[in-house]
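Notes to accompany the following structure.
The values are calculated or read from the model by the stated rules, or taken from the named source; none is laboratory data. Remember, it's a predicted structure, so these values are computed and weren't measured experimentally. Here the Cβ is made from the backbone with ideal geometry for all residues, glycine too, and neighbour counts use every protein chain on show. The accessibility values were calculated without ligands, DNA or RNA, using every heavy atom of the protein model including side chains. Shrake-Rupley method; radii C 1.70, N 1.55, O 1.52, S 1.80 Å.
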Amino acid sequence: AGTWKSERVIASRQGPHLRLAGGGAGIINFCANNYLGLSSHPEVIRAAVEALEKFGAGLSSVRFICGTQSIHKDLEEKIARFHQREDAILYASCFDANAGIFEALLTPEDAVLSDELNHASIIDGIRLCKANKYRYKHMDMQDLEAKLKEAQKHRLRLVATDGAFSMDGDIAPLREICQLAQKYDALVFIDECHATGFLGPNGRGTDELLGVMDKVTIVNSTLGKALGGAAGGYTTGPKPLIDLLRQRSRPYLFSNSLPPAVVGCASKALDLLMESNAIAQSMAAKTQRFRSKMTAAGFTISGKDHPICPVMLGDARLASVMAEDMLNRGIYVIGFSYPVVPKGKARIRVQISAVHSDEDIDRCVEAFTEAGRTHGALS
Ligand code: PLP
């Protein structure tokens, strides 16, 4: 069906310019979640080496047996401070954070209301819990309201949404969601994997961007994208909730502690972002450059003001052929088609990073224009 996935092998560090195994040097990379370019930032790498030297390769233990070091506690405190929440808990990944939260928090007396396009890890986390499940149409507030009305019969309601959706680069209407949550007595959970570090005036995320930091109760996010890109995830929110997760959340209780080098990377990334938002601003300017030049060239770019810039092509074969051709032109991008996105909505997803130069962006637009003409995506 054309859905078998193969992996390209990178023979250099993650960054705007890559060397692929078996040749392919000087490729410009537009498909990593390295939004702020911190994955290979010299200070981030140095912090990882120092943590490795001082705290060792790993803990050989889960957190509650003998796997908690001072750096884990420091990072949790820093994450909570960054998000202006009371406390935070670390996981090996955000997939784990999402897998662990719903089951720990919700009982069969409760309800969870989830956007139909939420990330797979939220869907799986919800599957693991015994709460009553409601799925509302993507960002459809009328449908959410109808489902909230229906869910009034349950003890507790939790609305769960991605802050920014990774396939479309669109942003959840959090103001409206929080208003409805208040009206129907629900809690709000957001997954901020594609927002933490760069959305909002200080990069705190979608809740900061939309002015609802005090209304969103629970934030899950990753350390594996903008925040250094190594690995790791977390939940941040009210202290009693975090205390409960430490007691009950299965991926936390039954999986090894984050390795010190990984903790070192994330901790340094947060320091850099709390010192200045210049990196995030530079990424925003480059996103704007790409979006406006591509639109002027005749392409349709989904989403708004987000570094995820899906170039909408419609046809699956066109998306894969064009992505292949782009690589021949030195631009690494990936085509997405069904079942990852709906049928007839195939696209090439471009992701902008703060470390792309203006020339990188312009070369990408040029290559798209040429490939688009060659393959009939542009007239
Ligand atoms: N949530 C969203 C929205 C994501 O895009 C991802 C990663 O693809 C995850 C969760 C999982 O994050 P991690 O890579 O830390 O497991």
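Mind checking the log10 I(q)/I(0) for region 247-295 at q = 0.31 Å⁻¹? Debye, one equal scatterer per Cα, no solvent, two decimals.
For the requested q values the scattering log ratios are -1.03.
Using packing as a proxy for protection, rank 271-283, 315-327, 345-357 so that the peptide with the highest average count of other Cβ atoms within 10 Å comes first.
Top to bottom by mean Cβ count within 10 Å: 345-357, 315-327, 271-283.
Computed over the Cα atoms, what is the radius of gyration of region 51-118 divided by 2.2 N^0.38 Å, N being its residue count?
That ratio works out to 1.42.
Determine, at each q value in 0.09, 0.12, 0.14 (inverse angstroms), the log₁₀ of I(q)/I(0) that the Debye formula gives when each Cα of region 1-128 is one equal point scatterer.
After summing over all Cα pairs, the log10 values are -0.45, -0.79, -1.03.
In a Debye calculation with equal point scatterers on the alpha-carbon sites of region 128-199 and no solvent, what is log10 I(q)/I(0) at q = 0.12, 0.24, 0.26 Å⁻¹?
-0.33, -1.14, -1.27
Straight-line reach only, C-alpha to C-alpha below 14 angstrom: list the aspartates and glutamates that Lys239 could link to, leaving out same-chain residues fewer than 8 apart.
Glu76, Glu77, Glu86, Asp87
Per residue and in cubic angstrom, what volume does the convex hull of the Cα atoms of region 337-379 have?
Normalising the Cα hull of region 337-379 by residue number yields 77 Å³.
Determine the equivalent ellipsoid of region 177-317 by diagonalising the alpha-carbon gyration tensor, then write out the semi-axes as square roots of 5 times the eigenvalues, largest first, rounded to whole Å.
30, 21, 16
With the Cα gyration tensor of region 28-82 in hand, convert its eigenvalues to equivalent ellipsoid semi-axes via √(5λ) and list them largest first in whole Å.
Each semi-axis is √(5λ); the values are 26, 15, 12 Å.
Quick one: putting +1 on the C-beta of Lys and Arg, -1 on the C-beta of Asp and Glu, what dipole do you get for the chain around its Cα centre, in Debye to the nearest 20?
For this selection, approximately 540 debye.
Give me the percent of accessible area attributable to carbon and sulfur for the chain, probe 1.4 angstrom.
Here carbon and sulfur together make up 51 percent of the probe-accessible area.
Across region 244-335, what fraction of all alpha-carbon pairs, as a whole percent, falls in each successive 5 Å bin from zero upward?
Going out from 0 Å in 5 Å bins, region 244-335 shows 2, 10, 11, 13, 13, 10, 12, 14, 9, 4, 1 percent.
For a quick protection proxy, order the peptides 260-269, 182-191, 131-140 by their average other-Cβ count within 10 Å, most packed first.
260-269, 182-191, 131-140
Counting other Cβ atoms within 10 Å, which trypsin sites (Lys or Arg not before Pro) in region 13-59 have at most 12 and lie in a DSSP loop?
Answer by residue number: Arg13.
If each DSSP helix of 4+ residues adds -39,500 (n - 2.57) and the sum is divided by the residues in the chain, what number results at 222 nm, nearest 500 deg cm²/dmol?
My calculation for the chain gives -12500 deg cm²/dmol from helical runs alone.
Enumerate the amide H contacts of Ile10 below 5 Å, restricted to partners 5 or more residues apart or on another chain; note that Pro and chain-start residues carry no placed amide H.
When sequence neighbours closer than 5 places are left aside, the close amide H contacts are Ala21.
Can you tell me the length gained on complete extension of the stretch Ser6 to Lys149, counting 0.36 nm per residue apart and subtracting the Cα distance?
Using 0.36 nm per residue and subtracting the Cα-Cα distance, I get 47.0 nm.
Using only the Cα atoms of the chain, construct the convex hull and provide its projected area averaged over every direction, in square nanometres to one decimal.
18.7
Please work out the FRET efficiency for the pair Val49 and Ala297, using the Cβ-Cβ distance as r and a Förster radius of 30 Å; give the result to the nearest 0.05.
0.10
Which semi-axis lengths, in whole Å and largest first, follow from the square roots of five times the eigenvalues of the Cα gyration tensor of region 225-379?
Equivalent ellipsoid semi-axes, largest first: 37, 20, 14 Å.
Could you tell me the extents of region 147-250's C-alpha atoms along the three principal axes, largest first, rounded to whole Å?
Computed over region 147-250, the largest-to-smallest principal extents equal 43, 33, 24 Å.
Restricting to DSSP loop positions (anything but H, G, I, E, B) with no more than 15 other Cβ atoms inside 10 Å of their own Cβ, which chymotrypsin sites (Phe, Trp or Tyr not before Pro) remain in region 1-92?
Passing both the DSSP loop test and the Cβ count: Trp4.
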